[in-house]
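Before any comments, here is the structure.
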Amino acid sequence: MVNRKAANVVAVLVIAGAWLWLYLWSHPHPPDIDPRPHQGVGQVLGAEAVQLLEPGGRLIVLARDADPYEVPAAEVQLEAFLAAVHKAGVKVAAIRSFKLDPLRPIGVPASEFFELLRQAQSNDVIVSFLGPPVLSAEQLSRLGNKRPIVLALCAGSMPAQVDLKSLFDQRLLRLAVVSRPDAPAQAGPGDSRAAFDQMFKLITPANAAELSELAAAWR
């Protein structure tokens, strides 16, 4: 009897262990990250969006859908952005979430970005955590002279994949946050802004000429 009870206990533990392994395998825990650079991204984009938002304009955010893949860095960036604009007393008119294919480059589908630009007003501010609008010549022609204010996070090697300089020239992009190709593996001591400055760079029309050098460094 004792042996049977012991065997039952062992069987239950084995089954429970198997279920736990299966759960952990199907729900992997994302690796821990240093939140400071990503907080800096959200805070900088938030401050710039507030500064560029004109009276009557709407603030629209494009972000990654956390389902089915959690990306801690993206979550930290969005949370810091929302906290920054809330602190400034600005309301977000809409947050558009996009499900991304992990095997494809990050970006909003051109057709959807075009529709957002077409429907937006010229004094609206669109903050994209998923890169800039990359439109076809036909879409650009259909858009005409309308140019809502677009701020975009262009992380990683995106400057080598997308001609950001031409987007500035076409006034499709007002501000970009790009990764520094010479950034350290991990940010050194300091607050979120110091960490941001080590890992990222702010690009505006004033220094957009630097994009060619940045793109070459990422190739």
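Brief remarks follow.
Table: residues versus (1) closer than 27 Å to residue 199 by Cα; (2) at pLDDT 95 or above.
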residue	(1), (2)
8	no, no
16	no, no
27	no, no
34	yes, yes
45	yes, yes
65	yes, no
81	yes, yes
96	yes, yes
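Let's see how each residue does on (1) closer than 23 Å to residue 80 by Cβ; (2) in contact with a strand residue (DSSP E or B) (Cβ under 8 Å, 6 or more places away or on another chain); (3) assigned by TED's automatic domain parsing to the domain that holds residue 37:
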position: 152; (1), (2), (3): yes, yes, yes
position: 156; (1), (2), (3): yes, yes, yes
position: 161; (1), (2), (3): no, no, yes
position: 173; (1), (2), (3): yes, yes, yes
position: 181; (1), (2), (3): no, no, yes
position: 189; (1), (2), (3): yes, no, yes
position: 195; (1), (2), (3): yes, no, yes
position: 199; (1), (2), (3): yes, yes, yes
position: 210; (1), (2), (3): no, yes, yes
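- Residues that are surrounded by fewer than 17 Cβ atoms within 10 Å (Cβ to Cβ) number at least 3 in the following helices (runs of 4 or more DSSP H) confined to the range 82-192: 110-119, 137-143.
The values are calculated or read from the model by the stated rules, or taken from the named source; none is laboratory data. Values in this document were obtained by computation on a predicted structure and should not be read as measured data. Backbone-built Cβ (ideal geometry, glycine too); neighbour counts: all protein chains shown.
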